[in-house]
Amino acid sequence: MTVSTAPVPWHDIDPSMAPLLVDARRQLHHAAQLATAAGISYLPKKSDDSHTNLEWLPSLGALASNTVPTSSPFRVAVRLQPLSLLLLEASNALLASCQLHGQSIAAAYEWLSQMLPRVHADQAMLTLSRHYTIPWHPLDDGAPFDASDDRAFAELARWYGNAATVLEDLARRTPAASQVRCWPHHFDIATLIEVEPAPASGYPRTVGVGMEPGDDHYAEPYLYVSMYPAPPASRITAPLDGGGTWHTHEWTGAVLPGSRLGRTTQREQIDSFIRSAVRAATELVRENSQLTHSS
């Protein structure tokens, strides 16, 4: 099985389900750490943590690690429905799979470890240790995965698939946009647009565009547009299209929660929100930069 290059179709989501995905999202977040373990265990550490990130594979409905360059290059992925751990060739052809329902993290780790000789990887190097924390779930104490809520995991798959489609389109038409990747710490899938290069000391001025499947701020998936550095909240006055609003508590950016999506023309609504938010955020970042340079 290999990944198709055909256009990825849009799959409408159910706005009423957006607040009902918390447990499935937290289980998926833990499952994804098994894929991230491939990057942490076998790839050179990068300062931006990009060795840990994951790529959405639409034909598999899965989040996959970066390729590990053994004599038989491989990737580890997590399919959302049915919730499964996958061992893939570098071409994304499926080598082996293990359904996670009823399995503990320890059992899934053991299965993956036993598969690694097939791709000539050193089992002893595989680790689930990581330099960040994720929200606690009973899985941390040995509970098994419970993927019996098929609708929830299917809905999360639609969220990641649709977000990847929107963000890939944005990245293709935006020269300064990064690759679209899922980041296993906060579990968002995003692209980062460089607005201005880094000053002599510091970081580039950027606008981030992504989808967060839920967190402490919003217990549901949401689209976001963030800024670095963030401007003072008092300077944020631009209206947003598509039902978006500005978020200014603990972080600053534009948000469109899933429960605000309509039942129809969802893609158009999201595109409208992103266009207006990126435009406003870019202007704010540039204004903030000018104020900094003139002070």
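The values are calculated or read from the model by the stated rules, or taken from the named source; none is laboratory data. Note that the structure is a prediction, hence the values are computed from the model and not measured. All Cβ positions, even for glycine, are placed from backbone atoms using ideal geometry, and neighbour counts span all protein chains on display.
A few comments on the model shown:
- Just one residue in the set S41, S59, S91 is in contact (Cβ under 8 Å) with a residue 60 or more places away in the chain, of a type in the set (S, T, N, Q), within 30 Å of P221 (Cβ to Cβ) and not in a strand (DSSP E or B); that residue is S41.
- Subset tally (residues that are in contact with a Gly (Cβ under 6 Å, 6 or more places away or on another chain) and without any contact (Cβ under 8 Å) to a residue 40 or more places away in the chain) for the range 237-262: 3
- Filter pass, F153 being over 28 Å from S289 (Cα atoms), in a loop (DSSP other than H, G, I, E, B) and of a type in the set (F, W, Y): no
- Some residue of the range 210-231 being of a type in the set (A, V, I, L, M), modelled with pLDDT under 95 and surrounded by fewer than 14 Cβ atoms within 10 Å (Cβ to Cβ): no
- Residues of the range 279-295 satisfying the condition of being over 15 Å from E196 (Cβ atoms) and either buried (at least 19 other Cβ atoms within 10 Å of the Cβ) or at pLDDT 95 or above (or both): R279, A280
- Candidates in the range 190-209 are the residues that are surrounded by fewer than 24 Cβ atoms within 10 Å (Cβ to Cβ) and β-branched (V, I, T); of these, the one that is nearest to the chain's Cα centre (by Cα) is T191.
- In the set L116, L128, only one residue is assigned to a helix (DSSP H, G or I), in the same structural domain as G39 (by TED's automatic domain parsing) and more than 26 Å from H217 (Cα to Cα); that residue is L116.
- Evaluation of A18 against (1) in a loop (DSSP other than H, G, I, E, B); (2) crowded, with 18+ Cβ neighbours inside 10 Å (one fails), failing number: (1)
- Residue identified as of a type in the set (A, V, I, L, M) and more than 23 Å from the chain's Cα centre (by Cα) among A77, A106, A90, A64: A106
- The set of residues in the range 207-236 being closer than 16 Å to V166 by Cβ, among the small types (G, A, S) and either free of Cβ contacts under 8 Å to residues at least 12 places away in the same chain or in contact with a Lys or Arg (Cβ under 6 Å, 6 or more places away or on another chain) (or both) is empty.
- Residue match in the range 133-150 (condition: closer than 30 Å to P9 by Cβ, surrounded by 20 or more Cβ atoms within 10 Å (Cβ to Cβ) and hydrophobic (A, V, I, L, M, F, W, C)): yes
- Being farther than 25 Å from D149 by Cβ and among the small types (G, A, S) holds for only one residue in S97, S59, S72, and it is S72.
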